[in-house]
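What follows is a set of notes on a single structure, which appears directly below.
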Amino acid sequence: MKDSIEKNAKATDKFLRSRLSGSPKSLYNAASHLIVHGGKRLRPYMVVKSCQVLGGSAARAMPAAAAVEMVHNFTLVHDDIMDNDNMRHGVQTVHKKFGIDAAILAGDVLFSKAFSTISASRLPAESVSKLISRLADACVDVCEGQQADVDMGRNPKFSSHAQYVGMICKKTAALFEASCAMGAICATSRPADVARLASFGRNLGIAFQITDDLIGAVGNPKITKKPVGNDIREGKKSLPILLAIRAARGKDKRDIMRSFGNPKATKYDVGKAVDVVRAMEIKDDVRRHARRYAKKAASSLNSYNNPAKRDLAALLDFVVEREV
């Protein structure tokens with residue numbers, strides 16, 4: 001599967017480079033910064049494989065795949081500004097390297113180019129309309145999910161499991177769902193097939209974010225290339241942090257709460273909070289929740305039996321069992 005993902009990533013990157021060029025060059029350098037410096041291109045991979053599951057080709061799906069990746073990177077650029085993060089993919093975030101003004105414009109260009117890329121594709125007009133509608137709806141969901149995440153962080157009350165899942169369903173899973181649905185649309189007009197692939201993407205997206213939150217809470221940055229402890233300092237009510245706070249007692253709970261939602265928490269205090277969460281061995285519980293959604297995703301593919309279906313199914317283990 002790794003070879004398949006890498007091959008698709010190279011094809012996607014080539015297509016992206018053809019679309020993300022122009023003047024002023026500084027704008028497109030900022031827009032391409034995160035794309036150039038990493039990423040597995042999972043969402044474009046899902047677009048292409050969902051198309052292939054239904055008999056379509058990678059070439060037919062590529063404009064939609066590139067559009068999804070542009071939107072994904074647009075959300076990363078703006079998310080890093082909101083969270084004031086310094087690093088992503090092991091390099092400076094866009095706003096740290098190019099400045100906030102350039103980063104906002106870079107995000108806007110990525111967003112706009114995504115829709116112009118679909119519009120310029122050679123797909124039938126009806127398919128183009130459906131693709132644009134799917135991606136636009138996903139963008140709205142992502143914004144609503146991001147705001148829900150912010151609101152949950154500001155609310156002194158702790159969120160329920162259902163509130164957390166509802167938030168990540170929009171913030172993350174919406175674009176996974178759109179990726180698979182758009183891949184299906186590139187290959188077919190059958191609503192049942194589009195719905196099945198969309199369901200796969202939605203549940204995979206939930207499993208992905210649950211695992212990603214585990215990495216954000218207790219991951220090893222040397223392995224994951226992602227900062228650890230920021231979610232605690234920012235007061236993010238992710239599943240791993242919620243489980244840890246509810247289970248902690250005495251000094252352990254005080255060590256977590258000293259940094260939780262405290263932007264002035266020292267690096268030492270955040271490190272202590274991370275150590276407490278790690279020691280609580282919540283990983284198995286978090287992965288159990290992720291695997292439950294992965295199982296739902298797998299069931300959506302039961303109607304198919306071809307190499308592309310097996311590639312999609314292999315994503316489930318890849319996503320849920322990521323090393324932390």
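Listed values, structure above:
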quantity: Angle between the chain longest axis and helix 25-36 axis [Cα atoms, degrees, rounded to 10]; calculated: 70 degrees
quantity: Cα shape, the range 4-163, gyration tensor, a/c 1.5 rule; calculated: oblate
quantity: Whole-angstrom gap from the range 177-251 to the range 126-174, using each part's C-alpha centre; calculated: 12 Å
quantity: Stretch gain in nm, segment Asp101-Ala136, where the contour uses 0.36 nm per residue and the Cα spacing is subtracted; calculated: 10.2 nm
quantity: Cα-based helix-to-principal-axis angle, 250-259 vs the chain, degrees rounded to 10; calculated: 50 degrees
quantity: Lys/Arg +1, Asp/Glu -1 at C-beta; the range 79-185 dipole; positive extreme among Asn155, Gly145, Met182; calculated: Met182
quantity: Length-normalised contact order for the chain - Cα pairs under 8 Å, 6+ apart - percent; calculated: 18 percent
quantity: Average Cα contact separation per residue, the range 128-248, under 8 Å, 6 or more apart, as relative contact order %; calculated: 26 percent
quantity: Residue order for Met46, Met280, Met1 - accessible surface, 1.4 angstrom probe, largest first; calculated: Met1, Met280, Met46
quantity: Convex hull (Cα only) mean projected area of the chain, reported in nm² to one decimal; calculated: 15.5 nm²
quantity: Cα gyration tensor shape for the range 32-71, rounded if a/c is under 1.5, else prolate or oblate; calculated: prolate
quantity: The range 104-141 residues near the modelled Ser18 label - backbone nitrogen below 12 Å, point 7 Å along Cα→Cβ; calculated: 121-122
quantity: Zone residues, the range 270-309, relative to Ala192, backbone N less than 12 Å from point 7 Å out along Cα-to-Cβ; calculated: 303-304
quantity: ³J(HN,Hα), Karplus 6.51/-1.76/1.60, whole Hz, each residue of the range 129-145, x for Gly, Pro; calculated: 4, 5, 5, 4, 4, 4, 5, 4, 4, 5, 4, 4, 4, 4, 5, 5, x
quantity: Asp284 accessible area, 1.4 Å probe, all protein chains in place, Å² to nearest 10; calculated: 120 Å²
quantity: Largest-first ordering by accessible area, 1.4 Å probe, given options Arg287, Arg190; calculated: Arg190, Arg287
quantity: The chain - percent of accessible surface contributed by carbon and sulfur, probe 1.4 Å; calculated: 53 percent
quantity: The range 77-227: C-alpha gyration tensor shape, a/c 1.5 cut-off, then a/b vs b/c; calculated: oblate
quantity: Karplus (6.51, -1.76, 1.60) ³J(HN,Hα), θ = phi - 60°, over the range 14-22, in Hz, Gly and Pro reported as x; calculated: 4, 5, 4, 4, 6, 9, 9, 9, x
quantity: Per residue, the convex hull volume that the Cα atoms of the range 153-198 enclose (Å³); calculated: 67 Å³
quantity: Karplus (6.51, -1.76, 1.60) ³J(HN,Hα), θ = phi - 60°, over the range 38-47, in Hz, Gly and Pro reported as x; calculated: x, x, 8, 6, 5, 5, x, 4, 5, 4
quantity: Principal axis dimensions, largest first and in whole angstrom, of the range 217-296 by Cα; calculated: 40, 30, 19
quantity: Contour excess over end-to-end distance, with Cα ends at Asp284 and Lys222 and 0.36 nm allotted per residue; calculated: 20.2 nm
quantity: Pairwise FRET efficiency - Arg246 versus Ser129, Cβ, R0 = 51 Å, nearest 0.05; calculated: 0.65
quantity: Out-of-range pairs (alpha-carbon distance over 32 Å; input Lys14/Lys96; Lys49/Lys267; Lys40/Lys113; Lys49/Lys96; Lys10/Lys222; Lys96/Lys309); calculated: Lys49/Lys267; Lys49/Lys96; Lys96/Lys309
quantity: Per residue value of the accessible surface for the chain (all protein chains in place, 1.4 Å probe), Å²; calculated: 46 Å²
quantity: Nearest-20 debye value, the chain charge dipole, Cβ charges on Lys, Arg, Asp, Glu; calculated: 500 debye
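The values are calculated or read from the model by the stated rules, or taken from the named source; none is laboratory data. All figures in this text were calculated on a predicted structure; none of them were measured in a lab. All Cβ positions, even for glycine, are placed from backbone atoms using ideal geometry, and neighbour counts span all protein chains on display. For accessibility, only protein heavy atoms count, side chains too; no ligands or nucleic acids. Shrake-Rupley method; radii C 1.70, N 1.55, O 1.52, S 1.80 Å.
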